[in-house]
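Structure, as structure tokens:
The values are calculated or read from the model by the stated rules, or taken from the named source; none is laboratory data. None of these values were measured; they are calculated from a predicted model. We place every Cβ from the backbone using ideal geometry, glycine too, and count neighbours over all the protein chains shown.
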Amino acid sequence: MAPSWPLPESDPWSTPFAQLLMDQLELCPGDEVLDIAAGGGIPAFHLAEQVGTEGSVLAVDIHQGQVLRARSIQGRHMPWLQFEVGDMRFLPETLPRFNRISGNLSFMFFRPNRFEVLKNLVRFLKPGGQIVLTFPSMGTFDSLWVCVDEEMKRLNLDKERKALAEYIEERPSANQAKQWLEELGLERVKVTEWPLEIFTGPGREFLEHPLLRGGFLDDVYECFEDQSLAHEFMDALSQDINRFTPLLAQRCAMSGFLPGQ
Ligand SMILES: C[S@@+](CC[C@H](N)C(=O)[O-])C[C@H]1O[C@@H](n2cnc3c(N)ncnc32)[C@H](O)[C@@H]1O
């Protein structure tokens, strides 16, 4: 029996965002999809299964390791799904046009000029095509940022506090996403947000939480020039997680259609 490719139930981060993405994406068998920031293949495998043999999915990620990992999972299955190394910010003009562009947990990486990257990406849509991107929007883990800021203030860490404020300010918001999609002339623009709680214990469990550490806590460490001070600060903070739990992420999906011909 051919394997099926549902979104993995055990994934506590990519899958909840990908579910929101799939909810917004109007996908039909035969669709030609560009999936950006494809990582290990969430939701590229699922998309490929949905579009079927008549469709295609080009899944692009900047890291070769991710692409190789996804290819090894794929093996000989679904040859209409292709994983390639590429930078979603600078896609080659020679790329074909797609009727769907998806990007799960992607929009936050549209640096340094998110609007320009979005504008470039929309050029790869066919008339009538849809783009859907998900990302953790402004408000994500605010309870933690408030607590970090209070602690920095209490300890007179002024430089670090300023760096934190700049980091918080730089995060993409749902309102901004909506405004930009409209500015680009997209139709049926829809931006939705759903909260998602992330569970953790104190101490190392918090500091080494695979999701928090990679995507978020590293950004706090980066606010410090003195990394031993950063570790001391974060170790102390991690002892009393009641100060900033529940930890809520804002799951955001932004969607719009290029006007048809
Ligand atoms: C949070 S992961 C999401 C992966 C996958 N879509 C998922 O939901 O599990 C973000 C991915 O974006 C990729 N990425 C970051 N910047 C990129 C860029 N400029 N172009 C393409 N991929 C990028 C990273 O390598 C990483 O695999």
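Tell me, which residue of region 57-105 that is within 14 Å of the ligand (Cβ to nearest atom) and of a type in the set (Asp, Glu) is farthest from Val117 (Cα to Cα)?
Glu84
Output the number of residues of region 15-54 satisfying the condition of being more than 21 Å from Leu118 (Cβ to Cβ) and either outside the structural domain of Leu91 (by TED's automatic domain parsing) or within 14 Å of the ligand (Cβ to nearest atom) (or both). Give the steps one after another, and end with the answer.
Step one: of region 15-54, the residues more than 21 Å from Leu118 (Cβ to Cβ) are 15-16, 19, 28-30, 40-42, 45-46, 48-54.
Now drop any that are not either outside the structural domain of Leu91 (by TED's automatic domain parsing) or within 14 Å of the ligand (Cβ to nearest atom) (or both), which leaves 15-16, 19, 40-42, 45-46, 48.
Final tally of qualifying residues: 9.
Residues of region 6-29 being of a type outside the set (Ser, Thr, Tyr), in contact with a Leu (Cβ under 9 Å, 6 or more places away or on another chain) and closer than 25 Å to Arg76 by Cα, which ones?
Those that are of a type outside the set (Ser, Thr, Tyr), in contact with a Leu (Cβ under 9 Å, 6 or more places away or on another chain) and closer than 25 Å to Arg76 by Cα: Ala18, Met22, Leu27.
Kindly list the number of the only condition in (1) closer than 22 Å to Ile241 by Cβ; (2) surrounded by fewer than 20 Cβ atoms within 10 Å (Cβ to Cβ); (3) of a type outside the set (A, V, I, L, M, F, W, C); (4) at pLDDT 95 or above that fails for Glu160.
Condition not satisfied by Glu160: (2).
Within the group Leu237, Leu247, which residue is at pLDDT 95 or above, farther than 28 Å from Leu21 by Cα and surrounded by 13 or more Cβ atoms within 10 Å (Cβ to Cβ)? Even if it seems obvious, please write down each step before you answer.
Details: Leu247 fails: farther than 28 Å from Leu21 by Cα.
Result: Leu237 is the single residue among Leu237, Leu247 that is at pLDDT 95 or above, farther than 28 Å from Leu21 by Cα and surrounded by 13 or more Cβ atoms within 10 Å (Cβ to Cβ).
Would you please name the residue that is nearest to Pro172 (Cα to Cα), looking only at residues in region 109-136 that are within 10 Å of the ligand (Cβ to nearest atom) and touching a Ser or Thr at 6+ places or on another chain (Cβ under 9 Å)? Walk me through it before giving the result.
Of region 109-136, the ones within 10 Å of the ligand (Cβ to nearest atom) are 109-111, 117, 134-136.
Next cut, touching a Ser or Thr at 6+ places or on another chain (Cβ under 9 Å) only: 134-135.
Details: Thr134: 11, Phe135: 8 Å.
Per the stated criteria, the residue is Phe135.
Please give the helices (runs of 4 or more DSSP H) falling wholly within region 195-261 in which 1 or more residues are in contact (Cβ under 8 Å) with a residue 40 or more places away in the chain and assigned by TED's automatic domain parsing to the domain that holds Leu155.
Working: elements: 204-207, 218-221, 227-238.
Filter on region 195-261 gives 218-221, 227-238.
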